[in-house]
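Enquirer: Submitted below is the structure of interest, expressed as structure tokens.
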Amino acid sequence: MSLGPLNIRPGGFISGPTQMALADHAGYVAVFTLKGVTPMALTSNLNIDFLRPAQGETLTAHCKTLKMGRKLGVFSVTMYTSDETKPVSHAIVTYVMPDKN
């Protein structure tokens with residue numbers, strides 16, 4: 001994710017809402033990758049831990065599937081700035097899939 005002035009807090013820190021948005025987006029993309037286009041997939045939970053101050057011009061997310069079932073998907077998302085050996089935040093994102101009625 002390329003960042004702009006609206007994503008940055010005073011002191012040059014990447015905002016928490018920006019990191020949460022990227023984690024949520026990564027989970028949504030994972031659902032689409034594993035289940036096909038599922039426009040009504042809904043975030044049912046997003047829990048994030050901010051591990052260290054995030055500064056930089058880009059934010060990268062690595063998403064790992066923990067569970068992908070018929071109705072529920074759980075994903076682990078770790079975010080990095082320029083140094084991918086030092087994560088800046090980690091989120092667990094849960095998506096629920098609608099019935100196909």
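Enquirer: Would you tally the net charge around V88, using a Cβ to Cβ cut-off of less than 14 Å, leaving V88 out, and scoring K and R as +1, D and E as -1?
Expert: Taking every Cβ under 14 Å from that of V88, the sum is -1.
Enquirer: Next up: What aspartates and glutamates could a cross-link reach from K35, if we take a straight Cα to Cα line under 17 Å and drop same-chain neighbours fewer than 8 places away?
Expert: Within the straight-line limit of under 17 Å, K35 reaches these aspartates and glutamates: D24, D99.
Enquirer: Follow-up question, since we're still on this one. What is the distance in Å between the Cα centroid of the range 1-60 and that of the range 77-95?
Expert: Cα centres, the range 1-60 to the range 77-95: 9 Å.
Enquirer: What is the sum of charges around I14, taking Lys and Arg as +1, Asp and Glu as -1, for the other residues whose C-beta is under 14 Å from the C-beta of I14?
Expert: Its environment carries a net charge of +1.
Enquirer: Quickly estimate the mean residue ellipticity at 222 nm for the chain, helices only: each DSSP H run with n ≥ 4 gives -39500 (n - 2.57), and the total goes over all residues, rounded to 500.
Expert: The per-residue figure over the chain is -7000 deg cm²/dmol.
Enquirer: Out of these labelled values of P(r) over Cα pairs in 5 Å bins from 0, in percent, [x] 3, 13, 25, 25, 17, 11, 5, 1, 0; [y] 2, 13, 22, 23, 13, 11, 8, 6, 2, 0; [z] 3, 14, 25, 21, 15, 11, 7, 3, 1, 0, which was calculated from the coordinates shown here?
Expert: [z]
Enquirer: Moving on to the next point. Roughly what angle does helix 16-35 make with the longest principal axis of the chain, taking Cα atoms, 0 to 90 degrees, to the nearest 10?
Expert: The helix 16-35 is inclined about 30 degrees to the chain.
Enquirer: Still on this structure, please answer the following. Give a quick list of trypsin sites (Lys or Arg not before Pro) in the range 1-89 that DSSP marks as loop, anything other than H, G, I, E or B, with at most 15 other Cβ atoms within 10 Å.
Expert: Filter output for the range 1-89: R70, K71.
Enquirer: What net charge do the residues around S44 carry, taking every other residue with its C-beta under 13 Å from that of S44, with Lys and Arg at +1 and Asp and Glu at -1?
Expert: My count for the surroundings of S44 gives +1.
Where a number appears in this text, it was derived from the coordinates with a stated rule and is not lab data. For clarity, every value in this text was computed on a predicted model and none was experimentally measured. Ideal geometry is used to build each Cβ from the backbone, glycine not excepted, and the neighbour counts take in all protein chains shown.
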